[in-house]
Amino acid sequence: MAPHQQNKWSLHGMTALVTGGTRGIGHAVVEELAGLGASVYTCTFDEVELQECLDKWKANGLEVAGSVCDVTSRSEREKLMEDVSRFFNAKLNILVNNVGTNIFKPTVEYTSEDFKFMMSTNLESAYHISQLGHPLLKGSGLGNIVFLSSVAGLTSVGVGSLYGVTKGALNQLTKNLACEWANDNIRVNAVAPSFIRTPLTVPYLSDEKFLEKLVKRTPFGRPGEPEEVASLVAFLCMTASSYMTGQTICIDGGFSVYGISFP
């Protein structure tokens, strides 16, 4: 049976956890979800940055709470989800696994420490938080998980093989959880941005030669903005998208479908 469609374009009354919500895409997602009526909880490793954001959001009338968490730590992830469970009375509608990082090196130069750090930050954290979040999402009766992936998980974009591996794994995790948790009324999707103007992409977009190549390879002729990604994330969390699950959706200005540029 299809879900009730009243207020299908709103998130009013829904609860959401957005990891890494104080900068970049995560920050935009927090503001988008809260602006559409959701009660949002977020986390970051930087206590000062978190408090500055919480104060700003409160001043702007957005319902956002949060706590400090290093998502590379298993014990801190467990503490985070305990806090979220108490805050939302064991019911969570939306989980946005946003935290991600990159170490750019030629493949032969990656160390075991690099591998461990990338996997724990980009993949293990999202996997474990989804495990911990499952009973809360199921308990809400209407659960949604959105993974922040990348076009680097679908094609080579020259930012390091480890990054691509972690994002490709998230795309496959999306498919598996969508099928496994459908009976629990939990939808699972991923968004795969190209280069978006965030702190993570500054080293790339500040390089004139790199930016020129990106612009030529992107039909829209520019990088994306965090708010553009946040809009897609919000849509995937609405009942308006109630029949969508298991999908990885590129948001890249056409980057992933551009084969060759003709004069």
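The values are calculated or read from the model by the stated rules, or taken from the named source; none is laboratory data. Nothing here was measured: the structure is a model prediction, and the numbers come from that model. Cβ placement follows ideal geometry from the backbone for every residue including glycine, while neighbour counts extend to all protein chains displayed. What goes into the accessible areas is simple: the full protein's heavy atoms, side chains included, and nothing from ligands, DNA or RNA. Shrake-Rupley method; radii C 1.70, N 1.55, O 1.52, S 1.80 Å.
Extent of the chain along each principal axis, from alpha carbon coordinates, in Å, largest to smallest?
Result, largest extent first: 54, 40, 38 Å.
Based on the alpha-carbon set only, what is the convex hull volume of the range 142-209 divided per residue, in Å³?
Hull volume normalised by residue count: 80 Å³.
Can you compute the helix-only [θ] at 222 nm over the chain? Use -39500 (n - 2.57) per DSSP H run of at least 4 residues, normalise by all residues, nearest 500 deg cm²/dmol.
So the helix-based figure for the chain works out to -12500 deg cm²/dmol.
Please compute the length gained on full extension between Tyr243 and Ser231, using 0.36 nm multiplied by the number of residues separating them and subtracting their Cα-Cα distance.
Numbers: separation 12, 0.36 × 12 = 4.32 nm, distance 1.79 nm.
Length gained, Tyr243 through Ser231: 2.5 nm.
Leaving ligands, DNA and RNA out of it, work out the accessible area of His128 with a 1.4 Å probe and give it in Å² to the nearest 10.
10
Taking 25 Å as the cut-off for C-alpha to C-alpha distance, list the pairs among Lys105/Lys209; Lys56/Lys209; Lys105/Lys175; Lys116/Lys167; Lys138/Lys175; Lys167/Lys213 that go past it. Working shown, then result.
On the way: Lys105/Lys209 18 Å; Lys56/Lys209 36 Å; Lys105/Lys175 29 Å; Lys116/Lys167 15 Å; Lys138/Lys175 18 Å; Lys167/Lys213 22 Å.
Violating the 25 Å limit, Cα to Cα: Lys56/Lys209; Lys105/Lys175.
Sorting Val64, Val165, Val257, Val146 by accessible area (1.4 Å probe), largest first, what list results?
Largest to smallest exposure gives the sequence Val257, Val165, Val64, Val146.
Would you mind getting me the FRET efficiency between Ser10 and Phe104? Use the beta-carbon distance for r and R0 = 45 Å, nearest 0.05.
Computed FRET efficiency for Ser10 and Phe104: 0.65.
So if I place +1 on the C-beta of Lys and Arg and -1 on the C-beta of Asp and Glu, and nothing else carries charge, what would the dipole magnitude of the chain be about its Cα centre? I want it in debye, nearest 20.
Details: 21 positive and 26 negative charges, 143 e Å.
For this selection, approximately 680 debye.
Restricting everything to alpha-carbon atoms, can you work out Rg to Rh for the range 211-263 with a Kirkwood hydrodynamic radius? Mind dumping the intermediate values first?
Numbers: Rg = 13.9 Å, Rh = 12.8 Å.
My calculation puts Rg/Rh at 1.09.
Under the Kirkwood approximation for Rh and a Cα-based Rg, what ratio Rg/Rh is obtained for the range 114-263?
Radius of gyration relative to Kirkwood radius: 1.00.
With a 1.4 Å probe and all protein chains kept in place, how do Ser10, Ser206, Ser150 rank by accessible area, largest first?
Putting Ser10, Ser206, Ser150 in descending order of accessible area: Ser206, Ser10, Ser150.
What does the charge add up to near Gly139, with Lys and Arg as +1, Asp and Glu as -1, over the other residues with Cβ less than 12 Å from its Cβ?
Neighbour charge sum, excluding Gly139 itself: +1.
Please get the size of the charge dipole for the range 1-120, origin at its Cα centre, with Cβ charges of +1 on Lys and Arg and -1 on Asp and Glu, quoted in debye to the nearest 20.
It comes to approximately 460 debye.
Would you mind classifying the range 62-123 by shape? Square roots of the alpha carbon gyration tensor eigenvalues, ordered a ≥ b ≥ c; an a/c under 1.5 is rounded, otherwise it is prolate if a/b is larger than b/c and oblate if not.
Verdict is prolate for the range 62-123.
Could you sort Trp181, Trp9, Trp57 by their accessible area in this structure, using a 1.4 Å probe and putting the largest first?
From most accessible down to least: Trp9, Trp181, Trp57.
For Asp184 and Arg23 in the same chain, what is the full-extension length gain: residue separation times 0.36 nm, less their Cα-Cα distance, in nm?
Taking 0.36 nm per residue and subtracting the Cα distance, the gain is 54.8 nm.
Taking a ≥ b ≥ c as the square roots of the eigenvalues of the Cα gyration tensor of the range 75-177, is the shape rounded (a/c under 1.5), prolate (a/b larger than b/c) or oblate?
prolate
Excluding ligands and nucleic acids, what accessible area in Å² is computed for Glu31 using a 1.4 Å probe, to the nearest 10?
60
How much length is gained on full extension from Arg222 to Val48, taking 0.36 nm per residue of separation minus their Cα-Cα distance?
So the chain would gain 59.4 nm between Arg222 and Val48.
For the pair Asn176/Ser75, report the inter-label distance in nm, with labels modelled 7 Å from Cα in the Cβ direction.
Taking the two extended label points, one gets 2.8 nm.
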